[in-house]
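Written below as structure tokens is the structure these notes are about.
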Amino acid sequence: MLEIKILGTGCAGCLTMEQRVVEVLQELGIQDVKVERVAEQRMIEYGLLADRAPGLLLNGYLAWAGSVPTKDQMADWISQAMGIVPS
């Protein structure tokens, strides 16, 4: 199962990232995913300071930090993490 964590302070960028993750998962038809929002207090556990939020963790790997990636970027990373090979 894929585990996705949105690291953030609750800012607009963090909320946008979470919304995009959900949209990408729906577009890819992926349902076996755990999505968790990680609050500012715990971000340091994952090596991310508040000034670099939002962050995107895929299976424990920090895939992105500091801004909101595009849906295409997210789709590529999520597909790779799931082992989905493009046709």
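Can you name every residue in the stretch 32-87 that is among the basic types (K, R) and farther than 12 Å from G8 by Cβ?
Selection gives K34, K71.
Determine if the stretch 37-49 includes at least one residue that is among the β-branched types (V, I, T) and at pLDDT below 85.
Among the residues of the stretch 37-49, at least one is among the β-branched types (V, I, T) and at pLDDT below 85, which makes the answer yes.
The values are calculated or read from the model by the stated rules, or taken from the named source; none is laboratory data. Everything numeric here is computed off the predicted structure, so don't read it as measured data. Quick reminder, even Gly has a Cβ in these numbers, built from the backbone with ideal geometry, and neighbours come from all protein chains shown.
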